[in-house]
Amino acid sequence: MTTFRISEAAALLGVSADTVRRWVDGGRLPASRDEHGHRRVPGAALAAFVRGQARGSGASDQAERFSSARNRMRGIVTEVIRDGVMAQVEIQAGPFRVVSLMSREAADDLGLEAGVVADAVVKSTNVVVEVPDQS
C-alpha cells in the first residue's frame, strides 16, 4: 500500500506540514508510525480525504453552487490589468498562479482588484472567475 510522509501529503494538498499534523492529531486524517517513528498517511485515506474536501464536505463556509466545473481554486487576486475592452486577472491560489482573460465589464461587475478573494474555476481550456457571496 502506498503511504506518504506528512511533508509529502502537505505538498500534494498545497498546505503546510503543520496543517496536515493538526488534521492527523484531530482525527480528520488517519496516519500510522513507520519503523522510524515517522507518521505515514495511507494513500487511499489521503485520496478519500481530498475527494471529501473537493466535494465540499469540509467547506461549510462556501455557498452551494450548481456547476459542471469541478476544478476550483480559491485564492487572492494579485493583479488586474484593464484596457478598453478586456481585463487580465491574476490569482494566486496556494502555490498556483492562475491568469484569466475576461471582458473588462465582467471584471468591473465582480469588483476584481488586488486583494479580493476569488475562486478560479477551470473547465476544459477556460478559467471562470467567481467571487464568493459576501452576505
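Summary of values
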{"quantity": "Proximal charge balance of Val85 [Cβ under 11 Å; K/R count +1, D/E count -1]", "calculated": "0"}
{"quantity": "Pair Ser124, Phe96: separation of 7 Å Cα→Cβ label points (nm)", "calculated": "1.9 nm"}
{"quantity": "Interchain or long-range residues, amide H under 5 Å from Thr3's placed H", "calculated": "Gly43"}
{"quantity": "Placed amide H near Val128: partners under 5 Å, 5+ positions off or other chain", "calculated": "Val121, Val122, Lys123"}
{"quantity": "Asp18/Asp133 FRET efficiency (R0 41 Å; Cβ-Cβ; nearest 0.05)", "calculated": "0.85"}
{"quantity": "Residue list for the range 83-106, given a label point 7 angstrom along the Cα-to-Cβ vector of Ile76 and an amide N cut-off under 18 Å", "calculated": "89-99"}
{"quantity": "Inter-label distance, nm, simple model (7 Å from Cα along the C-beta direction), Asp34/Ala48", "calculated": "2.2 nm"}
{"quantity": "Amide hydrogen neighbours beyond the local backbone of Glu79, cut-off 5 Å, H modeled", "calculated": "Glu90"}
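Readers should treat all values here as calculations from the given coordinates under stated rules, not as data from a laboratory. In this text the structure is predicted, and so the values were computed from the model without any measurement. FYI the Cβ positions are ideal-geometry reconstructions off the backbone, even for glycines, and counts take in every protein chain you see.
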